[in-house]
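The next block holds one structure in the form of structure tokens; read it before the comments.
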Amino acid sequence: MDHSQAPVLDALTAYQAQRQLPFTPPGHKQGRGADPRVRAVLGDSLFGADMLALAGMDDRTMSQGVLQRAEELMADAVSAKHTFFSTCGSSLSVKAAMLSVAGPHEKLLVGRDAHKSVVSGLILAGIRPVWVEPRWDADLRLAHPPGPEAYQAALDEHPDARGALVTSPTPYGTCADIGAVAALCHTRGVPLIVDEAWGAHLPFHPDLPTWAMDAGADVCVTSVHKMGSGLEQGSVFHLQGDLVTADTLASRADLLGTTSPSVLVYAAMDGWRRQMVEQGTELMGGALSTAHDVRKAVEAIEGLHVNDRADFCGPGRAFDLDPLQVFIDLHELGFSGYDAADWMRRHHRINLHTSDHRRINAQLTHADDETTTTRLLDGLRDLVAHVGQLRPAPDIRIPDPGSLRLEQATLPRDAFFGDVEQVPADEAVGRVCAEMLTPYPPGIPAALPGERLNRAVVDYLRTGVDAGMLIPDAADSDLGTIRVSVHDVGAD
């Protein structure tokens, strides 16, 4: 296929060259009605390219096939059979993938380190989750993707499961053995979904972890905006094999997706595909070289340690690692990642990504260069030089794996939509949770609707909030109270 083409971008150019006049949404009419103060910030070109997909990017019947051609080019770029664009982020895409595999009350194997969007899919669809336990590093207090043996055990115990879902890479950059898990699923004739939201770049360089389609996954969801050059909310989901049909996947996406997709988001994904086909190996090679240099420089800063393969990979840990996710361990300095991230923004206007009780994360992409990384390194050196300005790391009571794993007492949907009450956190111990309680980022729920809360998890979340942890989906973000099911009053 001719990857020099960019069908969406070409359609936008043609629309403007033809001086098309819209009597349709959006109501700003190519920016003419937008507040000049808004245009001064966002730019006239953005408003000029903001148009409908129907009777805008394409005609009323989509006869030009603009979106279809863009999706076909994307599929060809990564050797998938089918590709679908989404302007609602991978949070929607992964739900569409789940609903294409399992329906209400049917079982789906799900790694318990799944993102909250997966849990939202369970709630909306009424799918019965069979949780597959991650690999827990007791020393680093960190979960890695479940191993093939965990999926094997779950398949043996639940032969009626309709499929499986694994998250890889995780927000920490650690990867599952997707090939082995896919082989296990296919032996049983069921599909594997991979939530690869953090892996849009993986197909474009041989030194990166193997991407899901090459490893045998049936459906792969990826966020172009995370590690690619897409705009926020730009997501694609890919399909191969015959265990899930393209019509089924498309219909589930249509059920959930917007009828007013952003052509701006389409255009950015279309252009990113062309960029990566033409320059991807070079760009990703440069990013890997930059990451190597940054890791070496951070490791040379006294008191800082960069987590590498020796920390994250090996027996009982992750299968592989994306080196572009640079996690910096602050344990030796004695303050939390939450406070360090806040200090870096306050003093150096540097925004880090994931932070937890002992780590901060600099996410690198092909957009980074010596200019950005020098500023990062200068900020980190200054952070260490001012270590006395940060409070000692608060005591976050992180449970052991056994206490962290809660009993799934009811379906997530039943608890979420059932009768609930808001009770003091201490009184929630032993009760069935009716909301998601998700430290964010990275967005992996510590407690889900339908899980019975225990003392260890409640103490973990409350001490985490005191230390700076954010739990944005809680009804009470301070976690003084928790929503629980009215009809299930249990004992701890």
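Counting Lys and Arg as +1 and Asp and Glu as -1 over every other residue whose Cβ lies under 12 Å from the Cβ of PRO169, the net charge comes to -4. With a sphere of radius 11 Å drawn around the Cβ of ASP478, what net charge do the other residues whose Cβ falls strictly inside it have (Lys, Arg +1; Asp, Glu -1)? Charge balance near ASP478 sits at -1. Distance from the Cα centroid of the range 97-151 to that of the range 264-307 is 29 Å (rounded to whole angstrom). Applying the Karplus relation 6.51 cos²θ - 1.76 cosθ + 1.60 with θ = phi - 60° to the range 339-356 yields 3J(HN,Hα) values of 5, 5, 5, 5, 5, 5, 5, 5, 9, 10, 6, 10, 9, 8, 9, 5, 9, 9 Hz, where x marks Gly and Pro.
Pulled fully out, how much extra length does the chain show between THR187 and GLU72, if you take 0.36 nm times their separation in residues and subtract their Cα-Cα distance? Numbers along the way, then the final one.
Working: separation 115, 0.36 × 115 = 41.40 nm, distance 2.95 nm.
Difference between extended and current length: 38.5 nm.
Mean separation of Cα pairs under 8 Å and 6 or more residues apart, divided by the residue count, gives the range 362-480 a relative contact order of 27 percent.
Would you mind classifying the range 184-233 by shape? Square roots of the alpha carbon gyration tensor eigenvalues, ordered a ≥ b ≥ c; an a/c under 1.5 is rounded, otherwise it is prolate if a/b is larger than b/c and oblate if not. Verdict is oblate for the range 184-233. The range 153-205 and the range 212-257 have Cα centres separated by 14 Å.
In the range 43-149, what percentage of the DSSP-assigned beta bridges are antiparallel, given to the nearest 5? Please report the intermediate quantities before stating the final value.
Numbers: 3 of 8 bridges.
The antiparallel proportion sits near 40 percent.
Of all DSSP-defined beta bridges confined to the chain, some 70% are antiparallel rather than parallel.
Placing +1 on the Cβ of every Lys and Arg and -1 on the Cβ of every Asp and Glu, with no other charges, gives the chain a dipole of roughly 960 debye about its Cα centre. For the range 329-435, the alpha carbon convex hull comes to 182 Å³ per residue, rounded to a whole number. Computed over neighbours whose Cβ is under 12 Å from that of GLN5, the net charge equals -3, Lys and Arg +1, Asp and Glu -1. Taking 0.36 nm per residue of separation and subtracting the current Cα-Cα distance, fully stretching the chain between GLU278 and ASP44 would add 81.3 nm.
For a quick protection proxy, order the peptides 91-102, 319-330, 205-216, 240-251 by their average other-Cβ count within 10 Å, most packed first.
Values: 91-102: 25.9, 319-330: 22.7, 205-216: 20.4, 240-251: 15.5.
Per-residue mean Cβ counts within 10 Å order the peptides as 91-102, 319-330, 205-216, 240-251.
For ASP308 and ASP342, the FRET efficiency from 1/(1 + (r/R0)^6), where r spans their Cβ atoms and R0 equals 35 Å, is about 0.85.
Accessible surface area normalised per residue over the chain is 42 Å², counting heavy atoms of protein chains with a 1.4 Å rolling probe. Along the range 101-111 the Karplus relation, 6.51 cos²θ - 1.76 cosθ + 1.60 evaluated at θ = phi - 60°, assigns HN-Hα couplings of 10, 9, x, x, 6, 8, 8, 9, 6, 9, x Hz to successive residues, with x for each Gly and Pro.
Estimated translational diffusion coefficient (Stokes-Einstein, Kirkwood radius over Cα pairs, 37 °C, 0.692 mPa s) of the chain: 137 µm² per second.
Within the range 1-107, which GluC sites (Glu not before Pro) sit in a loop by DSSP and count at most 15 neighbouring Cβ atoms inside 10 Å? Walk me through the numbers before you get to the answer.
Details: sites: GLU71, GLU72, GLU106; in loops: GLU106.
Within the range 1-107, the qualifying GluC sites (Glu not before Pro) (loop, at most 15 other Cβ atoms within 10 Å) are GLU106.
Between HIS238, MET227, THR258, the Cα set farthest toward the positive side of the dipole of the chain (charges on each charged residue's Cβ, about the Cα centre) is that of THR258.
Taken over the C-alpha atoms, the range 177-299 has Rg and Dmax values of 16.4, 50 angstrom. Annotation: the antiparallel percentage among DSSP beta bridges lying fully within the range 81-196 is about 20.
Which length gain, in nm to one decimal place, applies between ILE301 and TYR440 when the Cα-Cα distance is subtracted from 0.36 nm times their residue separation? Could the numbers behind the result be given before it?
On the way: separation 139, 0.36 × 139 = 50.04 nm, distance 2.75 nm.
Using 0.36 nm per residue and subtracting the Cα-Cα distance, I get 47.3 nm.
Take every pair of alpha-carbon atoms less than 8 Å apart whose residues are at least six positions apart; their mean separation over the length of the chain yields a relative contact order of 14 percent.
If the reach is capped at under 14 angstrom between alpha carbons, list the aspartates and glutamates near LYS81, excluding any in the same chain fewer than eight residues apart. LYS81 reaches GLU71, GLU72, ASP214, ASP218, ASP242, ASP247. For the chain, the fraction of 1.4 Å probe accessible surface lying on carbon and sulfur atoms is 50 percent. Note on GLU106 and ALA385: with the Förster distance fixed at 45 Å, the Cβ-Cβ geometry gives a FRET efficiency of about 0.20. Sequence-ordered 3J(HN,Hα) estimates for the range 190-196 from the Karplus curve with 6.51, -1.76 and 1.60 and θ = phi - 60° stand at 10, x, 10, 9, 10, 7, 10 Hz, glycine and proline given as x.
The values are calculated or read from the model by the stated rules, or taken from the named source; none is laboratory data. This is a predicted model, so every value here is computed, not measured. Counting neighbours? That spans all protein chains shown, and the Cβs are built from the backbone with ideal geometry, glycine included. All accessible areas refer to the heavy atoms of the entire protein, side chains included, with ligands and DNA or RNA removed. Shrake-Rupley method; radii C 1.70, N 1.55, O 1.52, S 1.80 Å.
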